[in-house]
Every structure is written in structure tokens, then in C-alpha cells.
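These notes concern the structure reproduced below.
The values are calculated or read from the model by the stated rules, or taken from the named source; none is laboratory data. Quick caveat: nothing in here was measured; it's all calculated off a predicted structure. Methodologically, a virtual Cβ is constructed for each residue, glycine included, from the backbone with ideal geometry; neighbour enumeration extends over all protein chains shown. Keep in mind that these areas ignore ligands, DNA and RNA; they rest on the heavy atoms of the full protein, side chains included. Shrake-Rupley method; radii C 1.70, N 1.55, O 1.52, S 1.80 Å.
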Amino acid sequence: MSVPAFIDITEEDQASELRAYIKAKGAEISEENSEGGLHVDLAQIIEACDVCLKDDDKEVESVMNSIVSLLLILETEKQETLIESLCEKLVKSREGERPSLRMQLLSNLFHGMDETAPVRYTVYCSLIKVATTCNAIAFIPTDLDQVRKWITDWNLNTEKKHTLLRLVYEALVECKKSEAAAKVMVELLGSYTEDNASQARVDAHRCIVRALKDPNTFLLDHLLALKPVRFLEGELLHDLLTIFVSAKLAAYVKFYQSNKDFIDSLGLNHEQNMAKMCLLTFMGMAVEFKEISFDTMQQELQLEEDQVEAFVIDAVRTKMVYCKIDQTQRKVIVRCLHLCPHQPQHTPHLRQAAVAAALRQSQLLEGQFGNCEDQPPDPVPLCLRSLSKTHFKKTFPFPLLNSLG
């Protein structure tokens, strides 16, 4: 990609023009080119270019594109330090102001470089940082497949790979893209080995807390398989995650009663936790039993007698389970639960398999339930999925479950 410059002149004359322009703006820089060559000239020009960043956007873009065009013709080994210096200027320049212009300048630099140039890593990280300050991450490529490709193309070492993924994760969280952020965090944690898993303690902690806190995230069993998360075994946070994966509501209540301060310290909402566990527990019961008595519902879900029917109705509205209420015999008859046909029927995480399939079906099915036997099998493997807040607000009028949204 070619980047536009001032005029079609030699590199030496272009550097001289830039020196004169920047000096006229008040910078302390000589108008004479350095004897050390173009890379020395550019180092001095970049160091003094702050003064022109206050100008009109089009004028600033012209000046900076001229600098970029000179950077791109330098030998690769001379580029890195200068590009890092320019990126630092653009990231810190008038923080919070004119972010679109700074993003455009960084984008010009990013796309003007060879796709496999390792120094593109520095420019991309700078783009992410600027985009985060103005909630513009949607305009920056953050697709996980593309990020993986760049990590390979730029031959990043482990430290830079982790830094890049962590930066993308934090940007997505800041811009309220929780589902995309969760995928990036899983990628980050999955990149650790047995040898360095202990170094990911902070990332693992952050990942678990955010997943538990997110009112739309129900599938958590995949986290238990990550090496950094396994490293936390024996700690309260790991115990709490295990409860959400495979235990019942009573186990959470018992944990909360013994560790209230710990739950509060994580920033988790107890009522929201109760609502999530209540739904997960009911899904587990529906997996195990065709018929569930009202007494069992009251006991397992800690409901009052007059709350059982309302809860069941709201659970059915999610389309995760299809059941009928037999008021005469005071029981719930489970007619259909959308399970993955390939999932073994006796595994520690059968409930999570049920939730995975049911969440998918709830997004696909529209209108009223038909005959369960007519519903097509779910061929999609178990993976992270979630319902939208809008969906839950519409389908959970029950007060306890309303705290999910």
C-alpha cells in the first residue's frame, strides 16, 4: 500500500520540508537535515511532531502521512524503534480528543506495512488502545481467527501473544462486547501450558468472575478444563465455579452462607447468582426426572408453594424445556428437553450439555411449542452460548428470575 506524501520529491528534500514545517509551528528542531541519514532525521521529526497535532485534521493527516511514507522506505531493522515512538505519540496525544483522526493515522501506518512485518504488532496494539478510549472497537478487526493469523504471521513470542490477547479482551469488555471478550479470554487461558499456568492466575480469576457475573452466560464447564483454572483447584473461586457447573441451588446457598464476604469481594450479586442457579438446578432436575413433584420443586428451588407454577411457566417460556403442570397431582411433567444427541447420558456435566442444547433451541424456535418429537435433533457441539438480555426480560416476569437481566 502506498501512503500519500506532500509532493513527489526526494526523501532528503521531504525530510527537509517536514523540518521546516514543524519548526515554523514552534518546535525546537533544525531545518537542516542530519548527517546521520534519513532514520536520524525521522527520529528528530517524530520527537518534535507534537506541535502539528494541534492543527486542522486534514493538515495533520497530510503531515503524518508524509512521516509514515518515509518510515515505510526504511530498512526493517531501523523501523521498529521509530514506529514505536510514533505510536506512543499518537496513543498519548491529547488523550480522549480527536480519536478518529489518531485511529486513521495508525490505520494508514498499519495497512501501509507488509502483512507479515512483526512491527505491525505495535501498531495494532496502539489501534486497540485508541479505539477503546472512544468506544470504537467495532471498527478494529478483532475476529479471533484473524488475530490468530496475525499472531502467526508476526511470529510473536509467548509474552507478546499474551499481551495482545489480553489487550483485545480488555478492549472488548470496556466496549460491552462480553461474548466476544469471553472467547478471547478462553483463547488466552488456553495458550498457557503446564509449565507457565501459574503465571495466568490473574487472568483465570478475571475470566471466572466475569463469566459468573454475566447474567447471560450459563455454560461454564469448558472453563474447568483450562490449565490456569485447574491451577486454582482447592481455592474458593474454583469451588464456586464448580458449583455453577454441576451442583444444585442448595450447594450455592450453603457456600454463600459460609463465604458471604468472599462473594461480595468478587463484586457478584447474590440475587443474580440465586436466579442463575435456580434455573440451572431446574434444568438438572428435568434431565433426571420425567415427573417432578411440587414438593420437590419447593425444596430444591427454595420456592414458596404459590411460586412454583409461575416459575415453571417462565422456564417454559425460555423454550429450554417443555413441560406441563398437573395441578391435581401437584407435579410437573417433563415432555421435552433439548439434549445434544452425541452427548453421553452419564457425564459429570450432563446438565451443562442440556443447557447448551436448550439455549440454542431457545434462540431457534419461534412461536408456541409444537410436538417435541417433531423437533429436529441438535447437531451443534457443546460450546459457549448465551441468551440476550432482551430475551430474558421478555421471558422472565417471575421476580426471582428477573434479577438475571
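Pick out the one residue from Glu170, Glu179, Glu174 that is out of contact with any helix residue (DSSP H, G or I) (no Cβ under 7 Å at 6 or more places or on another chain) and closer than 19 Å to Cys125 by Cα.
After applying the criteria, what remains is Glu170.
A quick yes/no check of all residues on (1) within 10 Å of the chain's Cα centre (by Cα); (2) within 20 Å of Cys207 (Cα to Cα):
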{"position": "Ala136", "(1), (2)": "no, no"}
{"position": "Asp143", "(1), (2)": "no, yes"}
{"position": "Lys149", "(1), (2)": "no, no"}
{"position": "Asp153", "(1), (2)": "no, no"}
{"position": "Val184", "(1), (2)": "yes, yes"}
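Residues to consider are Glu84, Glu115, Glu77; find the one that is part of a loop (DSSP other than H, G, I, E, B), surrounded by fewer than 19 Cβ atoms within 10 Å (Cβ to Cβ) and among the charged types (D, E, K, R). Reasoning before the result, please.
Details: Glu84 fails: part of a loop (DSSP other than H, G, I, E, B); Glu77 fails: part of a loop (DSSP other than H, G, I, E, B).
Answer to the check: Glu115.
For Met103, state whether it is more than 25 Å from Val51 (Cα to Cα), crowded, with 19+ Cβ neighbours inside 10 Å and among the hydrophobic types (A, V, I, L, M, F, W, C).
Numbers: more than 25 Å from Val51 (Cα to Cα): no; crowded, with 19+ Cβ neighbours inside 10 Å: yes; among the hydrophobic types (A, V, I, L, M, F, W, C): yes.
Answer is no for this residue.
Could you figure out which of (1) touching a helix residue (DSSP H, G or I) at 6+ places or on another chain (Cβ under 7 Å); (2) at pLDDT 90 or above; (3) open to solvent by 10 Å² or more (accessible area, probe 1.4 Å) isn't true of Gln329?
(1)
For the stretch 134-181, how many residues meet the condition of being at pLDDT 90 or above and outside any helix (DSSP H, G or I)?
8
Could you grab me the full set of residues in the stretch 287-302 that are touching a residue at least 40 places away in the same chain (Cβ under 8 Å), open to solvent by less than 10 Å² (accessible area, probe 1.4 Å) and farther than 23 Å from Leu240 by Cβ? Spell out how you get there, then give the answer.
Kept after step one, since they are touching a residue at least 40 places away in the same chain (Cβ under 8 Å), are these residues of the stretch 287-302: 287, 289-292, 300-302.
Checking which are open to solvent by less than 10 Å² (accessible area, probe 1.4 Å) leaves us with 292, 301.
Matches in the stretch 287-302: Ile292 only.
Results for (1) over 30 Å from Ile333 (Cα atoms); (2) out of contact with any helix residue (DSSP H, G or I) (no Cβ under 7 Å at 6 or more places or on another chain), shown as yes or no for each residue.
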residue	(1), (2)
Gly234	yes, yes
Leu240	yes, no
Val245	no, no
Phe262	yes, no
Cys278	no, no
Glu288	no, yes
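Scan Ala180, Ala211, Ala171, Ala247 and give me the residue that is over 25 Å from Thr132 (Cβ atoms) and open to solvent by less than 50 Å² (accessible area, probe 1.4 Å).
Step by step, each of Ala180, Ala211, Ala171, Ala247 is checked, and only Ala247 is over 25 Å from Thr132 (Cβ atoms) and open to solvent by less than 50 Å² (accessible area, probe 1.4 Å).
Looking at (1) under 19 Å from Arg102 (Cα atoms); (2) surrounded by 14 or more Cβ atoms within 10 Å (Cβ to Cβ), find the lone condition where Asn33 falls short.
It fails just one condition, (1).
Here are Phe282, Phe311: which of them is over 14 Å from Phe218 (Cβ atoms), part of a helix (DSSP H, G or I) and among the aromatic types (Phe, Trp, Tyr)? First the steps, then the outcome.
Values: Phe282 fails: over 14 Å from Phe218 (Cβ atoms).
So the residue among Phe282, Phe311 that is over 14 Å from Phe218 (Cβ atoms), part of a helix (DSSP H, G or I) and among the aromatic types (Phe, Trp, Tyr) is Phe311.
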